[in-house]
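Notes follow once the structure below has been shown.
The values are calculated or read from the model by the stated rules, or taken from the named source; none is laboratory data. Here the structure is a predicted model, which means the values were calculated and not measured. Neighbour counts run over all protein chains shown; Cβ positions are idealised from the backbone, glycine included.
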Amino acid sequence: MNSGFAWFKSSYSDNEGGNCVEVAVAPGAVHVRDSKDRGGPSLAFAPDAWAAFTAFVADRQGAAGVPADS
């Protein structure tokens, strides 16, 4: 159940119902859910795994060498 978490939507999200996620930080886990389905399931990641993912996304290159404009 994820109703007790403080959820945050990305500053890159808009209010037009696009593909957005919300994130909630809890002891020992970072939870992610679809912002359009707030009562639905969420995924939980270890904090170090979430930090690695967000660093990869922020870099926009990552290990795969994907160009930033793709």
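Among the residues of the stretch 44-64, those identified as loosely packed, with under 13 Cβ neighbours inside 10 Å, among the aliphatic types (A, V, I, L, M) and modelled with pLDDT of 85 or more are ALA46, ALA49, ALA51, ALA52, ALA55. Considering only residues in the stretch 13-43 that are small (Gly, Ala, Ser), surrounded by fewer than 10 Cβ atoms within 10 Å (Cβ to Cβ) and farther than 18 Å from PHE53 by Cα, the one that is modelled with the highest pLDDT turns out to be GLY40.
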